[in-house]
Amino acid sequence: MGNCPFCDRIDRNHVDWESPSGVVSFEPLNPVTPGHRLFLPIEHAIHPDGGATADAMAEAELWGGKCREDFNLITSAGPAATQTVLHIHIHYVPRRPDDGLHLPWTGQRQIA
């Protein structure tokens, strides 16, 4: 799909894992913690698509269950929500005590 870096990576077969449901996974270019992975549908989808997004989320959740560690599953839809690659994807981010990673809303002022 056009200039999508994720589609390019899929086309070049630079993925670590593929599920029967059409979801792939690989490490992002700049992982924020050791074990950080992306889960995304093979088919290009810019906005949440119930089936493709649900499949990617389910695979990320299964991965986390197998890893037996604390984790965040994070997704963003649209530039205002911090989505930088316009191909729906789920971040699986392993968490450890004192890992130093602060989520985007940490430290922001409270809404009255």
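Would you pick out the residues in region 70-106 that are among the small types (Gly, Ala, Ser) and at negative phi? Scanning region 70-106 gives Ser76, Ala77, Ala80, Ala81. Criterion applied to Thr84, Thr75 was being within 15 Å of the chain's Cα centre (by Cα) and surrounded by 10 or more Cβ atoms within 10 Å (Cβ to Cβ), and the one residue passing it is Thr75.
Read-outs throughout are calculated quantities, based only on the coordinates presented, and are distinct from any laboratory measurement. Being a predicted model, the structure only gives us computed values, none of them experimental. Methodologically, a virtual Cβ is constructed for each residue, glycine included, from the backbone with ideal geometry; neighbour enumeration extends over all protein chains shown.
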